[in-house]
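Just below is one structure, and these are the notes that go with it.
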Amino acid sequence: MDQPDPVSVEALLARVERIFVKAGLRAENARDVARVIVAGERDNCKSHGIYRIEGCLRVLAAGKVSPDAVPQLVDQGKSVIEVDAGGGFSNPAFYAAKNALVDRTRSTGLAALVIRDCLHFSALWHDVEALAQHGLASLSMCPSYAFVAPAGGTQPLLGTNPFAFGWPRKGDDPYVFDIATSVAARGEIELHRRAGTPIPEGWAMDGDGNPTTDPEAALDGAMLTFGGHKGSAISTMIELLSGAMLGEFMSKEALDFMGGTDLLPRHGALVLAMDPQVFAARSGRDPIAQGEMLLSAIAGQGARLPSQRRFQARARSLRDGILLTRAELDQLDRFERL
Ligand code: NDP
Ligand code: PYC
């Protein structure tokens with residue numbers, strides 16, 4: 001079959017936004033959710049691109065996400081700013097609070113954003129990249145669903161708990177890494193299931209705790225943390241900081257609340273922002289220039305920086321458009337007709 005023509009980023013954004021408006025999302029929410037989904041597709045992050053539309057529509061149809069939630073900012077002038085997503089998607093809540101977080105971080109050096117009661121489906125690089133554009137370093141994290149066994153265990157308890165870090169660079173894309181603390185994101189296993197391909201060894205166990213490369217058995221069993229006990233500890237930290245500490249759901253509670261993995265998880269999220277200029281002020285050194293020495297030395301060894309693949313994909317998509325398969329385009333057509 002012929003390869004369909006590439007779709008421009010703007011055209012895809014308009015289509016996805018239309019799908020969400022038709023599904024009942026408030027215009028601003030539809031725009032923010034479409035924006036992150038299309039950015040995922042643009043940057044060739046397929047596990048959090050248009051494949052996620054179906055999951056968003058399912059959670060909307062089940063009445064488990066508020067389509068017209070208006071994020072409520074709670075800013076009492078302290079270092080911790082809160083935004084209540086009101087059971088809506090996380091992305092509109094983040095964008096509603098971003099400028100307050102940037103301003104507070106600039107004045108105090110260190111500030112946190114607590115996102116309460118949100119439906120979370122997206123990658124986290126959106127948050128840290130947006131803050132790096134303002135010259136800030138940041139960490140973003142959230143629980144998800146209990147899909148992952150702690151190192152040494154066999155039963156799902158931890159989430160795939162993503163963790164992202166952003167660092168600003170002068171005249172270049174920021175340094176960004178964004179990782180699931182499981183060996184791979186759950187979305188990657190689902191994409192293997194759909195394609196009928198095995199998952200790599202070392203990603204998951206079946207329901208009896210045996211290693212498996214069968215995506216179905218993996219989805220019914222338990223995923224593994226990256227780096228064994230190290231990933232397990234980082235994942236536990238994320239449960240504690242962005243679940244227990246915020247008084248929001250941890251991954252096990254999120255799963256119990258939704259009653260199954262068919263629907264996206266509802267929980268909180270934490271973003272910590274730091275202004276390197278404030279931290280380094282008394283040192284007389286330029287933190288960005290210092291950072292640059294390290295980053296260029298890494299690249300100088302021929303190593304690739306995290307997000308380099310993603311930024312290259314972005315440049316390609318912006319230049320040539322986004323290549324979608326016929327099946328993906330047909331699915332968008334079906335969503336538009338719903
Ligand atoms: P990957 O393992 O594909 O990539 C993780 C990071 O490592 C990326 O920043 C990537 O950059 C970088 N990287 C990959 N290969 C290399 C390399 N050879 N050298 C240097 N850097 C490299 O992603 P994951 O499967 O861990 O996670 C995928 C996404 O899933 C994340 O965006 C995460 O936020 C999301 N997620 C969301 C969850 C949620 O609850 N909302 C839950 C779990 C995951 P690059 O992109 O350029 O390849
Ligand atoms: O890919 O693991 C994942 C995931 C869970 C929630 C959103 N993405």
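The values are calculated or read from the model by the stated rules, or taken from the named source; none is laboratory data. Since the model is a prediction, treat every value here as computed from it, not as a measurement. Positions of Cβ are generated from backbone atoms using ideal geometry, with glycine treated the same way; all protein chains shown enter the neighbour counts.
What the table below lists for this structure:
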{"quantity": "Of the criteria (1) within 15 Å of ligand 1 (Cβ to nearest atom); (2) in contact with a helix residue (DSSP H, G or I) (Cβ under 6 Å, 6 or more places away or on another chain); (3) free of Cβ contacts under 8 Å to residues at least 40 places away in the same chain, which one residue 93 fails", "calculated": "(2)"}
{"quantity": "Where residue 145 falls short, out of the listed (1) closer than 30 Å to residue 212 by Cβ; (2) at pLDDT 95 or above; (3) surrounded by 19 or more Cβ atoms within 10 Å (Cβ to Cβ)", "calculated": "(2)"}
{"quantity": "One residue from 197, 154, 181 being without any contact (Cβ under 8 Å) to a residue 40 or more places away in the chain and of a type outside the set (D, E, K, R)", "calculated": "197"}
{"quantity": "Subset of the range 148-168 [crowded, with 20+ Cβ neighbours inside 10 Å and polar (S, T, N, Q)]", "calculated": "160, 161"}
{"quantity": "Per-region count, the range 81-125, residues over 14 Å from the mean Cα position of the chain (by Cα) and in a loop (DSSP other than H, G, I, E, B)", "calculated": "5"}
{"quantity": "Residue selected from the range 169-197 under the condition away from ligand 2 (no atom under 12 Å from the Cβ) and within 19 Å of the chain's Cα centre (by Cα), by the criterion surrounded by the fewest Cβ atoms within 10 Å (Cβ to Cβ)", "calculated": "177"}
{"quantity": "Subset tally (residues that are touching a Lys or Arg at 6+ places or on another chain (Cβ under 6 Å) and more than 19 Å from residue 134 (Cα to Cα)) for the range 285-315", "calculated": "1"}
{"quantity": "Number of positions in the range 133-159 that are among the aliphatic types (A, V, I, L, M), more than 15 Å from residue 113 (Cα to Cα) and touching a Pro at 6+ places or on another chain (Cβ under 8 Å)", "calculated": "5"}
{"quantity": "Where residue 306 falls short, out of the listed (1) of a type outside the set (S, T, N, Q); (2) surrounded by 14 or more Cβ atoms within 10 Å (Cβ to Cβ); (3) assigned to a helix (DSSP H, G or I)", "calculated": "(3)"}
{"quantity": "Selected residue [modelled with pLDDT of 95 or more, within 30 Å of residue 62 (Cβ to Cβ) and within 16 Å of ligand 1 (Cβ to nearest atom)] from 252, 230", "calculated": "252"}
{"quantity": "Subset of the range 309-337 [small (Gly, Ala, Ser) and either within 16 Å of ligand 1 (Cβ to nearest atom) or surrounded by 12 or more Cβ atoms within 10 Å (Cβ to Cβ) (or both)]", "calculated": "313, 315, 317, 321"}
{"quantity": "The range 277-306, subset of a type in the set (Gly, Ala, Ser) and either modelled with pLDDT under 95 or more than 30 Å from residue 108 (Cβ to Cβ) (or both), residue nearest to ligand 2 (Cβ to nearest atom)", "calculated": "303"}
{"quantity": "Breaking point among (1) buried (at least 20 other Cβ atoms within 10 Å of the Cβ); (2) within 12 Å of ligand 1 (Cβ to nearest atom), for residue 46", "calculated": "(1)"}
{"quantity": "Residue in the range 193-200 that is modelled with pLDDT of 95 or more, within 13 Å of ligand 1 (Cβ to nearest atom) and farther than 21 Å from residue 122 by Cβ present", "calculated": "yes"}
{"quantity": "Residue match in the range 198-216 (condition: of a type outside the set (D, E, K, R), touching a Phe, Trp or Tyr at 6+ places or on another chain (Cβ under 8 Å) and crowded, with 23+ Cβ neighbours inside 10 Å)", "calculated": "no"}
{"quantity": "Counted residues, the range 32-67 - those being assigned to a loop (DSSP other than H, G, I, E, B), touching a residue at least 24 places away in the same chain (Cβ under 8 Å) and out of contact with any helix residue (DSSP H, G or I) (no Cβ under 7 Å at 6 or more places or on another chain)", "calculated": "1"}
{"quantity": "Residue that is touching an Asp or Glu at 6+ places or on another chain (Cβ under 8 Å), within 16 Å of ligand 2 (Cβ to nearest atom) and closer than 23 Å to residue 121 by Cα, where the choices are 251, 235", "calculated": "251"}
